[in-house]
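Below: the structure, in structure tokens.
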Amino acid sequence: MNAPRQDLRARQTRLQDYQAMLARRLREARNLPAVDSYLGLQVGQRHWLLPLPQTGEVLEMRQPSRVPLTQSWYTGLVNARGSLLGVIDFGLFCGEGATSLQPGSKIVVLSRQVERACGILATRVIGLRHAGDLSLPAESADGAPARQEAAPEWEGARFADRDGRDWQVLDVRRLLASPAFLQVGRQAA
């Protein structure tokens, strides 16, 4: 009769230990920097890494409604859950030509804050990428890391994955604060 009671106490103790371990791991996970995780996407021929804390949702591709007198890279507006969302052709904004769209292309929302949110056209959403799976890019001939000369301030670090594909981090906060990005209206000639 004592054995079942001891067995119950042992199970309760193990359960309490397990719950304590889970609580500890959750606390530790909250303290880890979330910037180690990125959403990987392809815009035209370039591969971008968007830090997850700075990234909103991924929407199915739909044709934006054009807005007159805007920059060529501002493709228009879409309805996203009852709110109007401006959509940017990020390839055009970067000066690399229009973003090629294909079946499976998406609109990626760049901010979790509704008042600051906008979407960019993504040729393909590749999925989650973790900093531990990436390495520094190949070095140039002079031994310095390969980097564009006059990169905009919203371009972050460059990485390479195991397949040798180059990735560019997009600093969403800096992009959304960039005067060139905020000026969607055409300049008067």
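A few notes on this one:
- Averaged over its residues, the chain has an accessible area of 63 Å² per residue, based on protein heavy atoms and a 1.4 Å probe.
- Over the chain, the pair-distance histogram of Cα-Cα distances with 5 Å bins from zero comes to 1, 7, 13, 16, 16, 12, 8, 6, 5, 4, 3, 3, 2, 2, 1, 0, 0, 0, 0 percent, rounded to whole numbers.
- Close amide H pairs (under 5 Å, H built 1.01 Å from N) link Val43 with Trp48, Thr123, residues at least 5 positions away or on another chain.
- Nearest 10 degrees, 0 to 90: helix 2-31 Cα axis against the chain principal axis: 20 degrees
- GNM result for the chain, Cα springs below 10 Å: residue of Leu50, Leu92, Leu41 fluctuating most strongly: Leu92
The values are calculated or read from the model by the stated rules, or taken from the named source; none is laboratory data. Since we're looking at a predicted model, the values are computed, not measured. For accessibility, only protein heavy atoms count, side chains too; no ligands or nucleic acids. Shrake-Rupley method; radii C 1.70, N 1.55, O 1.52, S 1.80 Å.
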